[in-house]
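Read through the structure below, which is laid out as structure tokens, and then see the notes.
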Amino acid sequence: MVIYFQHMAKGRAKSKPSPKASRRVATSGDIEVSTYLEIAKEIGGEQPEAAREAIPSGEREAIIVIDFGSQYSLLIARRVRECQVYCELVSADTPWEKIAPLNPKGFILSGGPGSVYEANAPMAPAYIYESRLPVLGICYGMQVITHQMGGQVAPGTKREYGHALLHLGGVDSPLFANVPQSTPVWMSHGDKIEATPPDFNVLAYTDNSPFAAIGNDKNIFGLQFHPEVVHTPEGRTILKNFVYRICGCQGNWTMGNFIQDSLTKIQKEVGKGKVISALSGGVDSSVVSTVIHRAIGDQITCIFVNHGMLRREEVERTFNTFRLNMGMNIVYVDASERFLDRLKGVTDPETKRKIIGEEFINVFEDEAKKIGKVDFLAQGTLYPDVIESASSGSTAAAKIKSHHNVGGLPARMTLKLLEPLRYLFKDEVRQVGLELGLPEEMVWRQPFPGPGLSIRIIGEVTKEKLEILRAADWVVMNEIKKANLYRQLWQSFAILTDVRSVGVMGDYRTYGYLVAVRAVTSDDAMTADWSRLPYDVLARISNRIVNEVPEVNRVVYDITSKPPSTIEWE
Ligand code: XMP
């Protein structure tokens with residue numbers, strides 16, 4: 001979500017994303033919503049106390065990951081949550097007082113780029129050992145344990161990277177219960193353990209690493225390999241063993257529990273107050289609005305701004321789902337003329353984005369004013385956003401302001417933020433959506449950019465071009481869904497280029513538009529590969545577009561990956 005603003009700042013065509021930017025994920029379909037909400041937060045809206053109590057209150061338990069900066073740290077947290085145990089990621093300087101209320105049952109020390117013998121290398125805080133809770137160090141985390149507990153770590157002569165075969169050996173441990181005697185694992189480390197700390201046993205080894213897994217009888221373990229990545233097929237079993245057999249967790253982190261708990265918390269927090277949310281039909285705004293509605297009914301009003309750049313039938317579908325099926329209070333604003341007016345003559349992609357962002361805020365604010373006194377603004381912030389803004393050192397709103405040039409909201413509109421999803425991963429949000437009865441189609445929607453079709457029309461956006469693109473895009477979506485490919489693809493859509501070419505239809509020459517089709521696979525939108533769609537699917541898409549959309553006489557398929565291209569064309 002945030003990278004998008006960085007793109008805008010630098011002009012996407014001109015600049016290379018910084019390494020920092022490359023860590024960010026651009027997936028939100030609710031971008032203007034986020035802009036609005038972030039800025040509202042910055043201009044004085046009071047922030048609720050971080051929702052540390054996201055864990056079901058009855059039997060609270062958590063595994064804490066101390067983040068030493070590995071690219072896989074968040075993945076560890078996800079894997080633990082997949083075991084139905086709540087997990088949070090914290091930095092190594094987090095004080096015990098912040099962790100204790102979570103009722104930690106164990107710690108995981110993540111990997112990281114550092115070397116333990118370097119000056120200022122991050123170390124595990126003393127409470128990790130003093131608490132007597134189980135500890136699992138992964139890669140750098142294992143080296144930290146070794147270093148701090150009296151073993152020896154030395155620079156490896158060569159970096160071990162990739163697959164290795166792990167052999168269980170030495171002492172049996174519950175950490176490896178149900179793991180075969182030999183199993184593939186994924187290694188990625190430079191430094192290696194030369195000598196284990198006193199009283200540690202070797203639990204497993206590989207050809208290159210005599211100390212691939214170690215442990216002592218105080219339940220402190222170290223793994224040289226990464227159990228959290230898919231290339232370690234038994235990784236889940238190992239993590240599951242750690243959280244259940246070693247830490248003794250109960251496994252109460254289920255989305256059903258989460259919903260029950262959230263309902264009570266939202267009711268308590270909001271009281272008799274009023275909430276507004278900006279509904280876009282994207283997954284996050286849909287789920288956040290629905291969970292709040294479930295908690296407080298008509299005290300929430302959703303404002304659904306149609307900027308006129310949505311796909312065919314999106315408006316009806318969103319409106320019907322929320323108004324008719326879920327019975328929610330929705331203010332629907334058709335502001336398409338207003339947006340189109342402002343986009344007249346505009347061809348520069350970043351100017352389009354800026355105009356749409358600004359105008360969205362204007363419309364939203366106008367509508368919010370009509371509702372009268374409002375206390376809370378609902379926001380679909382997710383856990384990766386929370387982690388991202390905590391580690392980036394600057395607020396998303398600051399980025400938006402400098403990069404997006406959004407003017408900000410009037411100071412009088414100070415709203416408290418209601419962010420019931422701020423401790424969830426995207427896949428958890430989807431589960432919550434399904435449990436709340438949202439249709440699969442909505443919960444599994446592919447990401448859709450905030451500025452919508454405007455950045456899929458090269459050149460000026462006009463009503464006529466929007467109609468052409470909608471018709472072509474409809475065919476792409478329809479055929480992709482029919483071929484059962486929709487969920488496998490990160491995104492699939494049509495682009496209306498400003499190229500026209502000569503064609504022939506019957507006895508006539510035509511001079512029609514060129515439509516491009518884009519379908520990509522990706523995990524996080526930071527990199528993407530063009531999808532090798534079956535030829536017959538491509539053939540059907542092409543045939544149908546030229547037959548059903550009279551203004552188009554040529555269809556091409558985009559076969560570039562990201563990088564060097566981007567997913568969107570503008
Ligand atoms: P690119 O084109 O940068 O897109 O490879 C990465 C992801 O971000 C989405 N995207 C946007 N989302 N507002 C958004 O809300 C935008 O202006 C925007 N530009 C790109 C894009 O659809 C893809 O998922």
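Descriptive notes on the structure:
- Test for SER531: is it within 23 Å of the chain's Cα centre (by Cα) and within 12 Å of the ligand (Cβ to nearest atom): no
Residues are listed down the side, and each one gets a yes or a no for (1) open to solvent by less than 60 Å² (accessible area, probe 1.4 Å); (2) in contact with a Lys or Arg (Cβ under 9 Å, 6 or more places away or on another chain); (3) under 21 Å from GLY281 (Cα atoms):
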| site | (1), (2), (3) |
| --- | --- |
| GLN446 | yes, yes, yes |
| ILE455 | yes, yes, yes |
| ILE458 | yes, no, no |
| LEU469 | yes, yes, yes |
| ASN478 | yes, yes, yes |
| GLY512 | yes, yes, no |
| MET526 | yes, yes, no |
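- Near pairs, Cβ below 6 angstrom, 6+ apart or cross-chain, from region 434-457 (within 14 Å of the ligand (Cβ to nearest atom)) to any residue that is open to solvent by less than 10 Å² (accessible area, probe 1.4 Å) and in a loop (DSSP other than H, G, I, E, B): GLY452/MET309; LEU453/MET309; SER454/MET309; SER454/VAL461
- When region 193-210 is limited to residues that are buried (at least 18 other Cβ atoms within 10 Å of the Cβ) and in contact (Cβ under 8 Å) with a residue 40 or more places away in the chain, the one that is nearest to ARG236 (Cα to Cα) turns out to be THR206.
- Taken over region 161-192, the criterion of being in contact with a His (Cβ under 6 Å, 6 or more places away or on another chain) and at pLDDT below 95 is satisfied by TRP186 alone.
For (1) more than 14 Å from ALA278 (Cα to Cα); (2) in a strand (DSSP E or B); (3) open to solvent by less than 40 Å² (accessible area, probe 1.4 Å), each residue gets a yes or a no:
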position	(1), (2), (3)
ILE296	yes, no, yes
CYS302	no, yes, yes
LEU310	yes, no, yes
ARG317	yes, no, no
THR321	yes, no, yes
LEU324	yes, no, no
VAL333	no, yes, yes
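- The one condition in (1) out of contact with any strand residue (DSSP E or B) (no Cβ under 6 Å at 6 or more places or on another chain); (2) of a type in the set (A, V, I, L, M, F, W, C); (3) away from the ligand (no atom under 16 Å from the Cβ); (4) under 25 Å from LEU466 (Cβ atoms) that ALA525 fails to fulfil: (3)
- Any chance ASN178 is of a type in the set (S, T, N, Q), touching a residue at least 60 places away in the same chain (Cβ under 8 Å) and surrounded by fewer than 18 Cβ atoms within 10 Å (Cβ to Cβ): yes
- Within this structure, ASP536 passes the test of being more than 20 Å from the chain's Cα centre (by Cα) and away from the ligand (no atom under 16 Å from the Cβ).
- Of all positions in region 64-72, at least one carries a residue that is within 13 Å of ILE138 (Cα to Cα), in contact with a strand residue (DSSP E or B) (Cβ under 8 Å, 6 or more places away or on another chain), open to solvent by 20 Å² or more (accessible area, probe 1.4 Å) and among the charged types (D, E, K, R).
For (1) touching a residue at least 60 places away in the same chain (Cβ under 8 Å); (2) touching a helix residue (DSSP H, G or I) at 6+ places or on another chain (Cβ under 7 Å); (3) under 17 Å from GLY69 (Cβ atoms), each residue gets a yes or a no:
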site: GLU130; (1), (2), (3): no, no, no
site: LEU133; (1), (2), (3): yes, no, no
site: GLY137; (1), (2), (3): yes, yes, yes
site: MET142; (1), (2), (3): yes, no, yes
site: ILE145; (1), (2), (3): yes, no, yes
site: GLN148; (1), (2), (3): no, no, no
site: GLY156; (1), (2), (3): no, no, no
site: GLU160; (1), (2), (3): no, no, no
site: LEU168; (1), (2), (3): no, yes, no
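- Region 335-355, subset open to solvent by less than 30 Å² (accessible area, probe 1.4 Å) and closer than 22 Å to ALA471 by Cα, residue nearest to the ligand (Cβ to nearest atom): LYS352
- Test: residue in region 243-262 that is under 20 Å from ILE214 (Cα atoms), open to solvent by 40 Å² or more (accessible area, probe 1.4 Å), in contact (Cβ under 8 Å) with a residue 12 or more places away in the chain and part of a helix (DSSP H, G or I): yes
- Enumeration of residues in region 480-495 that are open to solvent by less than 70 Å² (accessible area, probe 1.4 Å) and within 16 Å of the ligand (Cβ to nearest atom): ILE480, TYR486, LEU489, TRP490, GLN491, SER492, PHE493, ALA494, ILE495
The values are calculated or read from the model by the stated rules, or taken from the named source; none is laboratory data. Model, not experiment: these values are computed from the prediction. Backbone-built Cβ (ideal geometry, glycine too); neighbour counts: all protein chains shown. To get the accessible areas, we keep the full protein, side chains included, count just its heavy atoms, and leave off ligands, DNA and RNA. Shrake-Rupley method; radii C 1.70, N 1.55, O 1.52, S 1.80 Å.
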